1. Work through the residues other than LYS225 whose Cβ is under 12 Å from its Cβ and net out their charges, Lys, Arg +1 and Asp, Glu -1.
2. Going by a ≥ b ≥ c, the root eigenvalues of the Cα gyration tensor, does the stretch 317-409 fall in the rounded group (a/c under 1.5), the prolate group (a/b larger than b/c) or the oblate group?
3. Can you give the percent of C-alpha pairs in the stretch 274-365 whose distance is more than 21 Å?
4. Ranking request for peptides 223-236, 354-367, 15-28: highest mean number of other beta-carbon atoms within 10 Å first, then the rest in descending order.
5. Counting only other residues whose beta carbon sits under 14 Å from that of LEU336, what net charge do I get with K and R as +1, D and E as -1?
6. Once amide H atoms are built 1.01 Å from N in the peptide plane, which residues 5 or more positions from GLU47, or in another chain, come under 5 Å H to H?
7. So what's the net charge close to GLY262: Lys and Arg +1, Asp and Glu -1, counting the other residues with Cβ under 15 Å from its Cβ?
8. Collect residues whose amide H, placed 1.01 Å from N in the peptide plane, falls under 5 Å from the amide H of ILE355; neighbours closer than 5 in sequence don't count.
Amino acid sequence: MATEIKVPVLGESITEATVGEWLKQPGDPVAADEPVASLETDKVSVEVGAPVAGIMGAHAVAVGDTVQVGAMIATIEAGGAAPAKAAGAAPAPAAPAPAPETGGAPAALSPSVRRAVLEHGVDPATITGTGKDGRLTKDDVIAAAERPADTPPAGQAPATPAAAALPPVALAAKAGARAEERVRMTRLRQTIAKRLKEAQNTAAMLTTFNDVDMSAVIAARNKYKDLFEKKHGVRLGFMGFFAKAACLALKDVPSVNASIDGDEIVYHDYVDISVAVSSPGGLVVPVVRDADQMSVADVERAIGDFGKRAKDGALKIDEMKGGTFTISNGGVFGSLLSTPIINPPQSAVLGLHRIEDRPVVVGGQIVIRPMMYLALSYDHRLIDGREAVTFLVALKNAIEDPTRILIDL
């Protein structure tokens, strides 16, 4: 007797999703609770688990189809149960030495990974996946493309350079073919595009800049990073300093932490910081709630957890809701300067950038200091230029003198 696989409850107010990827094909053995499909909602990807063990039946919907909560998308047929997989383990090969064309075939890859394979001309069969259940991610493909041709990843034997071993997609890219591929935008990317455009159309957006000397924070981090990690079990980065400094500045300038609702201004006596992190499907902004009540260690722990789970596609929808202010760190990708876009209904977003040594004047002398540009984009309907500048100066003062963070000054 067949058991139906249905779209689970996806969260408050979310009634539909898009089928992003089938993780199990008809005829595959499936263990109870093993992921069989990935669904894309407006905010995150959600994996659908098998309700029972058995054999994967026919797919009722295809990749790219829109499905409603509670809808049947496939069946599980009675049969031999698949053994449960260890977390992170890659699927066992069907033979001791599978042929190259059976490992990582382009048809089994997600659209973003297929695009990366095309762009970089690499053989997916030679790449070890770091995603869930050993699946390839876009980052895996990029990392493989950046490695020297004769340098395999740790624990992996060098790939056979024979052209015959490469899949057709890699051969076409290496031959310089002018290939094109049309891929439907994921639901997450569609939502990102819609919200960002709405922000530009609605808010009177303006960006103001400042720079900050990172010497004091770098010195504190270098001095205490080992003890910090030993005590708190998390690395001491820069985001914890900036989050706490932002909390101080937001208390000084509450309009930056406010939002517009119709013809009313909503002021918040708490600080929920949305932190922009990368996921395989695009940029997501989980929320560090009550950041003003947290320690630097608490903030670092929360952000580190968000980053890891975003990469694994394991963030929950409720973790993306709310937020009174956003911090986006483009510096981790090498950005020197940017004008970030507000995350509605918030009224401001802080953009961080790369740290680089630059000549500055200190006490009448030209010295070299590690400097970072700061950018605050804000809704001019609510926040005046004076308030935006005051916020950035308060943030700059706290970062250049971290003692202010400890004594709430």
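The values are calculated or read from the model by the stated rules, or taken from the named source; none is laboratory data. Keep in mind it's a predicted model, so treat the numbers as computed, not measured. Every residue, glycine as well, gets a Cβ built from its backbone with ideal geometry; the counts of neighbours run over all protein chains shown. For accessibility, only protein heavy atoms count, side chains too; no ligands or nucleic acids. Shrake-Rupley method; radii C 1.70, N 1.55, O 1.52, S 1.80 Å.
1. On the way: positive: ARG221, LYS223, LYS230, LYS231, ARG235; negative: ASP226, GLU229, GLU300.
Net charge around LYS225: +2.
2. Working: a/c = 1.85, a/b = 1.59, b/c = 1.16.
Verdict is prolate for the stretch 317-409.
3. Values: 1658 of 4186 pairs.
In whole percent, the long-distance tail amounts to 40.
4. Values: 223-236: 13.6, 354-367: 10.6, 15-28: 18.0.
So the order, starting with the most tightly packed, is 15-28, 223-236, 354-367.
5. Working: positive: ARG354, ARG358; negative: ASP211, GLU356, ASP357.
Counting the neighbours of LEU336, the net charge comes to -1.
6. LEU39
7. Numbers: positive: ARG381; negative: ASP261, ASP263, GLU264, ASP379.
That works out to -3.
8. Sorted by chain and number, the residues that satisfy this come to none at all.
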